[in-house]
Amino acid sequence: MQNIAISDKHIMSSPTKSALLSRSDLESFTAHLQNSQRIVAVLGAGLSVSSGLPTFRGAGGLWRNYDATSIATPGAFRSDPGLVWMFYSYRRHMSLNAKPNPAHYALAELARRKPEFLTLSQNVDGLSPRAGHPAGQLKLLHGSLFDVKCEDESCGYIRQDDFSDPIVPALAMPEDESSVAEQSNVRPNQAIQAAIATKAALIKGLDISDANIPIPTIPRSSLPHCPNCKTSLLRPGVVWFGETLPEAVLSDVDAYFDEVEPTPQAEGRNKGHMQSKKVDLCLVIGTSSQVYPAAGYTYHARAMGARVAVINMDRSDARDLREGDWFFQGDAAQIVPEILKSVIGEARTSEVAKAG
Ligand code: OAD
């Protein structure tokens, strides 16, 4: 591994940015990036933090005292679909009110400049597509908050790009204490009043991630129903713990890693001899690398020759770095555009299409 980002040899990369990058790391990374064609990025929730969206682990990671591994499961949906839908309605609402940040735009621009760059995102927030990331080069490993599908697989109904907020009236974010008290018969207390005063900027209503804010119990009849079979509920089109990744996504990613090219000696009697294409570089951005198979793609890229660059706030989430890798510590929204600048220039920062 090369020098850690903040070292005694810093440069201030731009007068308006506070990210301090080691000059030698930046130079060696830039040289490698410029010569790289086959690039893989593995993205996680940290990419969207500066857009205002929370991560899953660490401070602020819990939703009403639930962690993602307990609420993002088929079992949780079966036993309490109203609660699980409320969790996703909240995340849809937050994501729709959030905006892509400079890192989303920078990665989208890198994809346009490097056609063999493939991004594997664990994020379901829709911010990479809204930043104009070319769809063919973006694989949404965990689906999208804005896809909904029938809970009954045999029905097969799926609806993409549903940006309605709320998706049904019962899943609207509670607006004020009186409406919550009315729906839930719970009298608001001082903690609720305080939460109302400090509600996050993205939430047009109460911040129901706080377990002190009462939420209504939503009857099954008020949840979104499948318009096809008319009996089952619709569910968010995201991958839950215990489920496999979407087949089409898996096969596209496998196809990328399985690409072959003729060996250098592929002439004469060796004609037709093929070898796997190398991966040049793997960018691991804003992920704790704890959830598989997503985290495993970094190892896969490394096994195919990639040098790894980790961008994360937390040094301890940069796992298994080796000689020749890089660790850039700090906010992805500042660091990613900076380290890609020699290839992408100043990335544009306007949304291609506004959801909603
Ligand atoms: P995590 O919450 O596990 O990790 C977020 C990572 O982002 C941590 O390593 C933080 O240190 C880092 N981070 C925080 N702020 C950052 C910033 N401004 N810039 C850069 N890095 C920052 O989120 P994921 O790794 O995405 O799956 O979690 C993976 C999966 O677990 C999610 O897709 C979700 C979750 O449970 C499902 O729901 C299936």
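Report note on the peptides 73-82, 315-324, 90-99: ranked by the mean count of other C-beta atoms within 10 Å, highest first, their order is 90-99, 73-82, 315-324. In plain terms, the residue of M274, M304, M86, M173 with the fewest other Cβ atoms within 10 Å comes first and the most crowded comes last, giving M274, M304, M173, M86. Gain on full extension, evaluated as 0.36 nm per residue between R112 and R319 minus their Cα-Cα distance, stands at 71.6 nm. Ranking of T244, T30 by neighbouring Cβ atoms within 10 Å, starting from the fewest: T244, T30. Net charge of the neighbourhood of A45, taken over other residues with C-beta under 14 Å away and scored Lys/Arg +1, Asp/Glu -1, is -3.
Where both partners of a DSSP beta bridge lie in the chain, what percent of those bridges are antiparallel, to the nearest 5?
On the way: 14 of 37 bridges.
Around 40 percent of the beta bridges assigned by DSSP in the chain are antiparallel ones.
Taking the Cα atoms of the chain, the ratio Rg/Rh between the radius of gyration and the Kirkwood radius comes to 1.01.
Share of antiparallel DSSP beta bridges in region 226-356, in percent to the nearest 5? Please report the intermediate quantities before stating the final value.
Working: 3 of 12 bridges.
Counting DSSP beta bridges with both partners in region 226-356, the antiparallel share is about 25 percent.
About its Cα centre, the dipole of the chain is roughly 400 debye, where the only charges are +1 on Lys and Arg Cβ and -1 on Asp and Glu Cβ. Could you identify which residue out of P262, P169, P246 has the top mean-square fluctuation in a GNM of the chain using Cα springs shorter than 10 Å? Looking only at P262, P169, P246, the largest GNM fluctuation is found for P262.
For L33, L233, which order do you get if you count the other beta carbons within 10 Å of each Cβ and list the fewest first?
Working: L33 22, L233 17.
By the 10 Å Cβ count, ascending: L233, L33.
With the simple spin-label model, which puts each label point 7 Å out from Cα in the Cβ direction, the A135 to S221 separation comes to 3.9 nm. Between L202 and R159, the contour length at 0.36 nm per residue exceeds the alpha carbon distance by 13.0 nm. Think of it this way: in the chain, C282 stand alone, with no other Cys Cβ under 4.7 Å.
Between the Cα long axis of helix 102-113 and the first principal axis of the chain there is an angle of about 50°, rounded to the nearest 10.
Computed from the coordinates by the stated procedures, all read-outs in this text should not be read as laboratory data. Worth saying up front: this structure is predicted, and the values here are computed from it rather than measured. Here Cβ is always computed from backbone atoms with ideal geometry, including for glycine, and neighbour counts include all displayed protein chains.
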